[in-house]
1. So, with +1 on the Cβ of K and R and -1 on the Cβ of D and E, and no other charges, what is the size of the charge dipole of the stretch 1-155 about its Cα centre, to the nearest 20 debye?
2. What dipole magnitude, in Debye to the nearest 20, does the stretch 72-217 give about its Cα centre under +1 on Lys/Arg Cβ and -1 on Asp/Glu Cβ?
3. Taking the dipole about the Cα centre of the chain, with the C-beta of Lys and Arg at +1 and of Asp and Glu at -1, give me whichever of Phe81, Ala130, Met183 is farthest to the positive side.
4. List the lysines whose Cα lies under 20 Å from the Cα of Lys29, skipping any in the same chain that are fewer than 8 positions away.
5. I need to check one value: relative contact order of the stretch 17-93, counting alpha carbon pairs closer than 8 Å and at least 6 residues apart, in percent.
6. Could you tell me the largest-minus-smallest coordinate of the C-alpha atoms of the stretch 24-172 on each of the three principal axes, in descending order and whole angstroms?
7. What whole-number distance in Å separates the alpha-carbon centres of the stretch 148-194 and the stretch 56-84?
8. Normalised by the number of residues in the stretch 127-220, what is the relative contact order in percent for Cα pairs under 8 Å and 6+ residues apart?
Amino acid sequence: MTRATGKSEAVYERLKSDIESLRLRPGTKLGEVQLGEELGASRTPVREAIRRLAREGLVDFVPGEVARVAPISLGGVRALFEFRMLLEPRAALSVATAGAADERALLPFRELLERLEEFDESFRARDAAAQARSYQEFYEITEDFDQSVIAACRNQYLARTIRDLRSETVRLRHLSHSGPRRMLTSLDEHRAMLKAITRGDAQAAEAACRHHLAQTLQALIDSLTGQDLALGTDVQLDVVG
């Protein structure tokens with residue numbers, strides 16, 4: 001039983017990583033036999049991983065049918081960001097408020113601001129090819145920022161809800177940062193959030209977070225409608241097969 005659970009966890013982590021990074025495109029079939037052969041696992045841990053990913057919204061799964069990576073649609077993206085805009089600016093406000101009352105709460109954010117500034121300087125000095133290879137470094141900084149906000153948020157229910165949305169939001173990251181220009185804009189937005197938090201300026205942190213989410217949503221809409229797809233509110237980024 002321990003071995004099966006461990007194997008299921010390994011399969012889950014691999015599939016989740018491939019879905020979030022878009023290596024497994026939306027709509028891709030997730031056949032249990034084929035995945036088992038590719039990942040060196042039996043059907044049971046593969047099935048358990050697929051069901052777990054389905055609960056997180058990353059996989060569409062109906063018992064008796066072949067599971068598929070969940071599609072990304074304009075309607076779904078808009079709904080997700082409408083919800084995030086209710087949650088995340090409030091969490092940023094909470095974190096900045098906590099920092100104003102206790103300087104120790106600001107330490108992770110000061111360190112992140114330093115990392116961001118160092119990355120910004122090095123990124124701008126690179127050529128286009130080197131910039132493209134360094135996106136992952138920026139993703140790691142922004143992921144650490146998001147996790148730091150979750151950890152520092154005083155409202156455990158708010159923090160838990162934001163954490164539960166992470167899988168869906170991480171997958172969209174690769175679409176929202178569609179080029180160096182947008183990535184640098186996002187960098188500036190994160191700088192604004194971090195500076196507001198480290199100053200303990202709750203209202204500025206809330207406003208900066210809301211602005212970042214609005215800009216990210218627009219970048220996603222531009223990315224989705226820029227695909228070779230018909231325009232419309234239910235446009236999906238999908239693959240055939």
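The values are calculated or read from the model by the stated rules, or taken from the named source; none is laboratory data. Bear in mind that the values here come from a model prediction, so they are computed numbers and not experimental data. Methodologically, a virtual Cβ is constructed for each residue, glycine included, from the backbone with ideal geometry; neighbour enumeration extends over all protein chains shown. Areas reflect the complete protein model, heavy atoms only, side chains present, ligands, DNA and RNA absent. Shrake-Rupley method; radii C 1.70, N 1.55, O 1.52, S 1.80 Å.
1. 760
2. Values: 21 positive and 22 negative charges, 88 e Å.
Taking the Cα centre of the stretch 72-217 as origin, the dipole is about 420 debye.
3. Phe81
4. Hits, sequence-local ones excluded: Lys16.
5. Values: 59 pairs, mean separation 22.7, N = 77.
Result for the stretch 17-93 is 29 percent.
6. 54, 43, 31
7. One Cα centre to the other: 19 Å.
8. Details: 41 pairs, mean separation 23.1, N = 94.
25 percent.
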